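Student: Please read through the structure below; I'll follow up with questions.
Since every read-out is calculated from the coordinates, none of them should be taken as a lab result. What you see is a predicted model, and the numbers here were worked out from it, not measured in a lab. Cβ placement follows ideal geometry from the backbone for every residue including glycine, while neighbour counts extend to all protein chains displayed.
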Amino acid sequence: MIIDFHTHPFITKEQNSCFYENTVKDPEDFARLMHRAGIDVWCGSVIEKGTSLDTVKVLNDTALKLKEFYGEKYIPGIHIHPNFVEESIEMLEYYAQKGVRLAGELVPYYHGWEHYYDEGLHSIYEKINTLNMVVSLHTQSEESMEQAIKTFKDIIFVCAHPRDRVDLENHISRLKKYDNCYLDLSGTGLFRFGMLKKLVNEVGSEKILFGTDFPICNPEMYVRAVDFEEISSKDKDNIYFKNAQRVLGI
Ligand SMILES: [Zn+2]
């Protein structure tokens with residue numbers, strides 16, 4: 001069993017985040033390639049650049065449409081926006097009723113906002129907390145990310161992208177400091193052999209979630225990279241699916 005905590009499914013051409021155009025063609029092709037990589041379930045938000053509330057709404061509706069299409073295989077993630085506080089809160093309530101448990105991956109730089117401790121986010125986080133939702137964050141501005149994690153202790157924040165050296169050390173120090181801080185393996189980092197073993201040795205395997213950033217990244221490379229690391233099979237199970245199951249309540 002493998003759950004990919006960090007993907008970006010799509011319907012339209014503009015939402016298709018393939019690095020090289022048309023590598024993944026449509027929602028069916030997306031599922032085919034996930035299965036080819038041995039991934040059973042995938043999570044995450046639909047992404048597209050745009051600063052308006054409309055963009056956010058369309059992306060969230062698309063995530064729900066994809067949920068209808070993929071069924072149990074997809075855990076949709078929705079966007080919120082600190083410039084539209086009331087609307088974001090309404091969206092959270094609406095999507096929570098539809099069974100959505102995940103906010104994000106949030107990508108502020110796509111939607112014209114800056115940081116994770118934005119004034120506008122405070123009441124949004126409170127709502128997320130009440131609804132018992134999980135937040136997936138694109139790692140940026142260490143300070144604001146840490147401030148949010150520290151202040152909203154009851155929300156699980158899953159930071160994305162281990163990256164290298166300084167970034168990785170910052171992740172490790174946050175993972176040690178905050179019980180509600182988690183890390184997903186998508187994007188840069190996993191290709192450095194020994195990175196995952198170091199993470200597991202320092203913080204344990206309970207707070208590390210498997211993730212790829214598909215269709216931007218090659219998913220099978222991540223599956224194989226985790227498998228090749230010299231960690232126990234119990235740790236691998238935690239990372240491949242158990243932690244995601246626990247965090248998302250699935
Ligand atoms: Zn991403």
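Student: In nm, give the distance between the simple-model label positions of Glu90 and Arg246, each being 7 Å from the Cα along the Cα-to-Cβ direction.
Tutor: 3.8
Student: Exposed loop trypsin sites (Lys or Arg not before Pro) only (DSSP loop, at most 15 other Cβ atoms within 10 Å): please give the longest stretch of the chain free of them, not including the sites.
Tutor: 193-250
Student: I'd like to know which of Leu92, Leu196, Ala160 lies farthest towards the positive end of the charge dipole of the range 3-248, counting +1 on Cβ of Lys and Arg and -1 on Cβ of Asp and Glu.
Tutor: Projecting each Cα onto the dipole axis, the largest value belongs to Leu196.
Student: Express the relative contact order of the chain as a whole percentage, based on alpha carbon pairs under 8 Å and six or more residues apart in sequence.
Tutor: Reported relative contact order: 21 percent.
Student: Which of the chymotrypsin sites (Phe, Trp or Tyr not before Pro) found in the range 73-179 are loop residues per DSSP with 16 or fewer other Cβ atoms within 10 Å of their Cβ?
Tutor: The qualifying sites are Tyr178.
Student: Over the Cα atoms of the chain, how large are the radius of gyration and the largest Cα-Cα distance (Dmax), in Å?
Tutor: Looking at the chain, its Cα Rg and Dmax stand at 16.7, 48 Å.
Student: Sticking with this one: Could you work out how far the C-alpha centroid of the range 1-47 sits from that of the range 83-108, in angstrom?
Tutor: So the two Cα centres are separated by 21 Å.
Student: Given H placed on each backbone N at 1.01 Å, which residues far from Gly44 in sequence or on other chains put an amide H within less than 5 Å of it?
Tutor: Residues meeting the criterion, in which the H sits 1.01 Å from N, are Thr7, Ile75, Gly77.
Student: Which of the GluC sites (Glu not before Pro) found in the range 51-144 are in a DSSP loop and have at most 15 neighbouring Cβ atoms, other than their own, within 10 Å?
Tutor: Of the GluC sites (Glu not before Pro), the ones in loops of the range 51-144 whose Cβ has at most 15 other Cβ atoms within 10 Å are Glu114, Glu119.
Student: Can you list residues whose amide H is under 5 Å from Leu102's amide H, if they're 5+ apart or on another chain and H is modeled 1.01 Å from N?
Tutor: Sorted by chain and number, the residues that satisfy this are Ile78, Val134.
Student: Given the C-alpha centroids of the range 206-250 and the range 130-200, what is the distance between them in whole angstrom?
Tutor: 14
Student: State the extension gain, in nm to one decimal, for the chain segment bounded by His122 and Glu28, taking 0.36 nm per residue of separation less the distance between their alpha-carbons.
Tutor: Between His122 and Glu28, full extension yields an extra 30.1 nm.
Student: Can you list which of the GluC sites (Glu not before Pro) found in the range 145-250 are DSSP loop residues with at most 11 other C-beta atoms within 10 Å?
Tutor: For GluC sites (Glu not before Pro) across the range 145-250 that sit outside H, G, I, E and B with at most 11 neighbouring Cβ atoms in 10 Å, the list reads Glu230.
Student: Modelling each spin label as a point 7 Å along the Cα-to-Cβ direction, I'd like the Gln147/Asp54 distance in nm, to one decimal.
Tutor: So the label points at Gln147 and Asp54 sit 3.2 nm apart.
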